[in-house]
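Structure record follows, encoded as structure tokens.
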Amino acid sequence: MNCRHCEAPLEHPFLDLGFAPPSNRYLTLSDLAAPETYFPLRLHVCTRCWLVQIEDYSRPGELFDDAYPYFSSTSQSWLHHAARYAEMIRGKLGLDSNSFVIEVGANDGYLLRNFLEAGVPCLGIEPAAATAVAAEAKGIPIVRDFFGKAVATCLAARNQRADLVIGNNVYAHVPDINDFTAAIKSVLKPGGTITLEFPHLMRLLQYTQFDTVYHEHFSYLSLQTVEGIFGKAGLRVWDVEELPTHGGSLRVYGCHADDARAEGAAVGKLRAEEERHGLRELRTYRDFQSRADRVKDELLVFLLEQKRSGKKVAAYGAAAKGNTLLNYAGVKRDLLPYVCDAAASKQGKFLPGSHIPVLPPAALRERRPDIVLILPWNITEEVVMQHGYVRDWGGRFAVAIPKMRVGSVEQDLVS
Ligand SMILES: [Zn+2]
């Protein structure tokens with residue numbers, strides 16, 4: 001296998017999470033009678049360009065098919081994040097009815113609706129049919145396709161070039177990151193701005209967030225790797241912000257390489273911090289497997305102890321990261337009988353691999369668990385706020401990442 005960006009041979013696998021089914025392939029009752037396909041789940045680091053990447057295994061069509069159930073609008077904190085971003089960027093760039101915004105990976109229109117309401121013309125690119133339909137129902141024009149050079153060429157030919165190209169939590173999920181970046185370049189007006197948000201590799205390593213590794217998450221990005229990828233496509237990063245979302249994300253601001261804008265002070269500062277964290281040194285990656293194993297073992301010991309002492313455990317949040325964690329740890333229904341999730345599209349289904357059933361949140365009140373293990377730890381605050389009644393019967397919340405914690409989990413939130 002060669003690096004997805006620079007094509008150097010990949011010689012340094014550093015995290016092996018065994019085999020797992022695609023983390024968003026939720027199963028129906030009838031699926032449980034059929035075999036399930038598992039794929040290797042391994043991370044490599046390229047020592048030429050330092051892009052951390054998942055081992056090749058599949059085509060995107062197999063991962064983001066019509067069954068893909070993630071609707072961004074399900075999470076309240078994510079909706080607020082999107083609304084705040086839209087307001088900030090409209091002001092910063094002075095966007096109005098003469099501007100044009102393109103969002104790649106528009107999902108159900110949770111973000112673009114803010115531009116629509118403010119009278120800024122926009123277009124979403126979204127391959128998954130169910131979410132595209134939801135976006136169109138909000139009045140947002142959608143191109144139903146994967147974004148890449150082919151789509152970009154069509155848009156550019158119709159003169160649909162943007163003042164702002166947005167990619168929120170999509171950049172890390174594209175298999176061909178060079179093609180995707182070149183496509184952004186070709187739909188960007190001269191003087192236009194790109195903003196991309198993605199989880200920051202530095203935080204993944206720092207906080208042992210190995211559960212954010214899954215097949216659909218192809219690249220694990222840092223400022224410096226993105227600068228390299230942008231450079232090859234004739235773009236550059238002119239500013240960067242650190243965000244608390246997803247346990248620590250970056251928002252990079254990009255423009256054409258020949259744009260006159262000055263580079264923000266934050267860029268040089270973060271570059272130096274990444275150097276200090278050793279993101280471009282092989283030894284930084286060498287102990288990650290043992291750190292991940294320690295976290296996994298702690299979770300297993302915790303669940304076994306609960307079972308031995310007759311405590312009732314439930315999980316909250318049927319998120320992709322939960323599936324990575326549970327499948328790597330080999331947790332099944334005997335240790336974790338059910339998971340609650342607010343997304344109607346997941347309720348009544350079963351988690352891939354572990355086959356743990358997904359129930360509506362009302363099951364918490366009915367079954368009164370002693371422990372609620374929050375799988376998407378990045379929304380711990382939101383879960384604790386919405387389901388604080390668990391404490392009425394003495395129930396406690398727990399999170400497993402970056403280490404096993406029970407009780408006052410919201411006091412040391414990652415996000
Ligand atoms: Zn490389």
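The values are calculated or read from the model by the stated rules, or taken from the named source; none is laboratory data. All values derive from a computational prediction rather than experimental measurement. Heads up, the Cβs are rebuilt from the backbone with ideal geometry, glycines too, and the neighbour counts pull from every protein chain shown. The area values use the complete protein model at the heavy-atom level, side chains included, leaving out ligands, DNA and RNA. Shrake-Rupley method; radii C 1.70, N 1.55, O 1.52, S 1.80 Å.
A compact table of results
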| item | result |
| --- | --- |
| Hits in region 332-370 - residues which are modelled with pLDDT under 95, among the aliphatic types (A, V, I, L, M) and closer than 25 Å to Thr37 by Cβ | Ala343 |
| Every residue from region 40-84 that is modelled with pLDDT of 90 or more, touching a Lys or Arg at 6+ places or on another chain (Cβ under 8 Å) and not hydrophobic (A, V, I, L, M, F, W, C) | Gln53, Glu55 |
| Test: Leu373 is buried (at least 20 other Cβ atoms within 10 Å of the Cβ), in a strand (DSSP E or B) and at pLDDT 95 or above | yes |
| Positions within region 240-251 being within 13 Å of Leu201 (Cβ to Cβ) and either open to solvent by less than 20 Å² (accessible area, probe 1.4 Å) or in a helix (DSSP H, G or I) (or both), in sequence order | His246, Gly247, Gly248, Ser249, Leu250 |
| Which listed residue, of Gly231, Gly268, is open to solvent by 40 Å² or more (accessible area, probe 1.4 Å), over 30 Å from Gly317 (Cβ atoms) and assigned to a helix (DSSP H, G or I) | Gly231 |
| Residue ID - surrounded by the most Cβ atoms within 10 Å (Cβ to Cβ), chosen from residues in region 8-38 that are more than 16 Å from the ligand (Cβ to nearest atom) and without any contact (Cβ under 8 Å) to a residue 60 or more places away in the chain | Phe19 |
| Out of Glu281, Glu242, sole residue that is without any contact (Cβ under 8 Å) to a residue 12 or more places away in the chain and either touching a Ser or Thr at 6+ places or on another chain (Cβ under 9 Å) or closer than 23 Å to Cys6 by Cα (or both) | Glu281 |
| Meets criteria (among the β-branched types (Val, Ile, Thr) and within 18 Å of the chain's Cα centre (by Cα)) for Ile125 | yes |
| Yes/no for Glu381 being open to solvent by 40 Å² or more (accessible area, probe 1.4 Å) and in contact (Cβ under 8 Å) with a residue 24 or more places away in the chain | yes |
| Number of the exception - Gly322 against (1) assigned to a loop (DSSP other than H, G, I, E, B); (2) small (Gly, Ala, Ser); (3) modelled with pLDDT of 95 or more | (1) |
| Enumeration of residues in region 39-54 that are buried (at least 16 other Cβ atoms within 10 Å of the Cβ), within 14 Å of the ligand (Cβ to nearest atom) and either under 19 Å from the mean Cα position of the chain (by Cα) or not hydroxyl-bearing (Ser, Thr, Tyr) (or both) | Leu43, His44, Val45, Cys46, Cys49, Trp50, Leu51, Val52, Gln53, Ile54 |
| Search result, residues across region 183-197 that are open to solvent by 10 Å² or more (accessible area, probe 1.4 Å) and closer than 16 Å to Gly228 by Cα | Lys185 |
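Yes/no matrix, rows are residues, columns are (1) out of contact with any Cys (no Cβ under 8 Å at 6 or more places or on another chain); (2) open to solvent by 40 Å² or more (accessible area, probe 1.4 Å); (3) among the polar types (S, T, N, Q):
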site	(1), (2), (3)
Leu303	yes, no, no
Gln306	yes, no, yes
Tyr316	no, no, no
Arg333	yes, yes, no
